[in-house]
Amino acid sequence: MEIPFVSFEPMHNEIEEEILNKFKEVYEKNWFINGTEVELFQSEFAKYCGSKYCVGCGNGLDALHLILRAYDIKQGDEVIIPSNTYIATALAVSYVGATPIFVEPDINTYNINPENIEKVINKKTKAIIVVHLYGQPADMDAINEVAKKYNLKVIEDSAQAHGALYKGRKTGNLGDSAGFSFYPGKNIGALGDGGAVVTNDKELAEKVKALSDYGSNVKYNHMYKGVNSRLDEVQAAFLRIKLRNLDKWNNFRGKVAGKYLEGINNDRVIKPIVSDFSNHVWHIFALRTEKRDEFQRYLSENGIGTTIHYPKAIHLQEAYKELNINKGALPIAEKIADEVISIPMWYGMKDAEIEYIVEKVNDWR
């Protein structure tokens with residue numbers, strides 16, 4: 001049996017007619033930037049997240065960058081981020097000239113450990129970017145408590161957690177602001193790139209909107225040295241269709257995860273742990289094993305697609321050598337990077353495919 005790591009076909013086949021009709025509608029309007037579809041999606045996605053405002057932008061990295069710019073975080077400032085996340089989280093901090101300060105995760109959930117945050121706070125610290133890694137919300141009450149004590153902004157990197165719940169509240173509505181990605185592989189993905197900033201802060205939303213549109217809130221009137229990072233009409237239109245299906249797709253992923261969690265029983269493989277306070281949306285189903293390369297080869301030989309999120313911790317990347325953080329300095333992030341492997345997780349997987357994967361994982365010795 002051949003099972004790809006991801007397939008969009010089942011999801012896209014279901015909505016193909018809607019997508020094509022909507023494209024025709026937008027095409028015939030001949031209005032492709034800052035139009036009705038963007039306005040409607042922003043309103044609908046804000047409501048979905050339980051927040052007041054949503055501002056579309058070019059991608060998830062831009063969303064975080066725009067938030068930091070809008071908070072006037074700059075050179076000389078520090079922003080706390082998890083030591084294990086995709087490099088985009090750190091790049092957003094670097095783009096404003098600030099320094100990313102890495103905090104180790106909880107080895108069980110892979111999310112930032114609130115107990116480690118206070119140790120690195122100083123007068124330069126301005127914000128905490130919390131990543132809801134793989135689709136599981138971080139421990140936001142504990143993080144917000146530390147942030148409030150030191151008057152820090154809490155920014156959610158929700159690029160992998162569309163629709164995830166923390167104690168009944170959706171991500172995007174758990175801190176001061178949130179950045180989302182609509183990269184095609186996300187739980188809700190555009191047919192190209194896209195992103196959004198979500199917040200309850202009207203002033204922040206207005207500033208982000210201006211910054212994303214050349215620093216202008218009125219055409220040819222530029223208040224800031226902004227950028228060009230806008231969600232376009234076609235992608236917004238597609239995302240509106242996908243948003244109506246997101247909960248169904250997330251529920252399906254949850255059922256696949258449930259079968260994996262119940263069925264996988266191999267003492268050489270560590271399964272994910274779901275926090276009591278969260279509703280995981282399983283953007284990624286990540287296993288861990290000390291023999292990761294061997295395990296990946298074995299799965300490949302048996303027709304099972306896999307990938308690694310992420311094989312090298314950020315502090316060991318060439319791009320961040322100036323931070324002078326040596327190997328071994330952040331052992332939990334490095335351990336996760338050395339051991340983690342993601343197995344297939346997508347809407348439309350067949351029971352036979354799931355059962356085959358469980359069987360092969362359990363047979364590995």
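Below are the figures for this structure:
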{"read-out": "Checklist (1) more than 18 Å from Tyr110 (Cα to Cα); (2) open to solvent by 10 Å² or more (accessible area, probe 1.4 Å); (3) over 18 Å from the mean Cα position of the chain (by Cα) applied to Ala147, failing item", "value": "(2)"}
{"read-out": "Matching residues, the range 257-276, being at pLDDT below 95 and among the hydrophobic types (A, V, I, L, M, F, W, C)", "value": "none"}
{"read-out": "Yes/no for Val256 being part of a loop (DSSP other than H, G, I, E, B) and either in contact with an Asp or Glu (Cβ under 9 Å, 6 or more places away or on another chain) or of a type in the set (A, V, I, L, M, F, W, C) (or both)", "value": "no"}
{"read-out": "Residues being under 16 Å from the mean Cα position of the chain (by Cα) and open to solvent by 40 Å² or more (accessible area, probe 1.4 Å) - total across the range 157-208", "value": "4"}
{"read-out": "Members of the range 312-345 that are open to solvent by 50 Å² or more (accessible area, probe 1.4 Å) and of a type in the set (S, T, N, Q)", "value": "Gln317, Asn324, Asn326"}
{"read-out": "Filter result (out of contact with any helix residue (DSSP H, G or I) (no Cβ under 9 Å at 6 or more places or on another chain) and of a type in the set (Asp, Glu)) within the range 207-246", "value": "Asp213"}
{"read-out": "Any pair with Cβ under 9 angstrom, 6 or more apart, that starts in the range 197-225 at a residue that is within 27 Å of Gln160 (Cβ to Cβ) and charged (D, E, K, R) and ends at one that is open to solvent by 30 Å² or more (accessible area, probe 1.4 Å) and assigned to a helix (DSSP H, G or I)", "value": "Lys207/Arg69"}
{"read-out": "Count of residues meeting criterion [surrounded by fewer than 19 Cβ atoms within 10 Å (Cβ to Cβ), among the charged types (D, E, K, R) and closer than 29 Å to Phe23 by Cα] in the range 209-239", "value": "1"}
{"read-out": "Candidates Asn34, Asn30 - the one that is free of Cβ contacts under 8 Å to residues at least 24 places away in the same chain and within 20 Å of Arg230 (Cβ to Cβ)", "value": "Asn30"}
{"read-out": "Test: residue in the range 280-292 that is of a type in the set (S, T, N, Q) and open to solvent by 20 Å² or more (accessible area, probe 1.4 Å)", "value": "no"}
{"read-out": "Only one of Ile343, Ile332 that is among the aliphatic types (A, V, I, L, M), within 23 Å of Leu133 (Cα to Cα), in contact with a Phe, Trp or Tyr (Cβ under 7 Å, 6 or more places away or on another chain) and in contact (Cβ under 8 Å) with a residue 40 or more places away in the chain", "value": "Ile343"}
{"read-out": "Condition check for Gly348: part of a loop (DSSP other than H, G, I, E, B) and crowded, with 16+ Cβ neighbours inside 10 Å", "value": "yes"}
{"read-out": "Single residue of the range 249-269 satisfying the filter (touching a residue at least 12 places away in the same chain (Cβ under 8 Å) and basic (Lys, Arg)) that is nearest to Glu290 (Cα to Cα)", "value": "Arg268"}
{"read-out": "Positions within the range 225-254 being aliphatic (A, V, I, L, M), farther than 19 Å from Trp31 by Cβ and under 20 Å from the mean Cα position of the chain (by Cα), in sequence order", "value": "Leu243, Leu246"}
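The values are calculated or read from the model by the stated rules, or taken from the named source; none is laboratory data. Nothing here was measured: the structure is a model prediction, and the numbers come from that model. Reconstructed Cβ throughout: ideal geometry from the backbone, glycine too, with neighbour counts over all protein chains shown. To get the accessible areas, we keep the full protein, side chains included, count just its heavy atoms, and leave off ligands, DNA and RNA. Shrake-Rupley method; radii C 1.70, N 1.55, O 1.52, S 1.80 Å.
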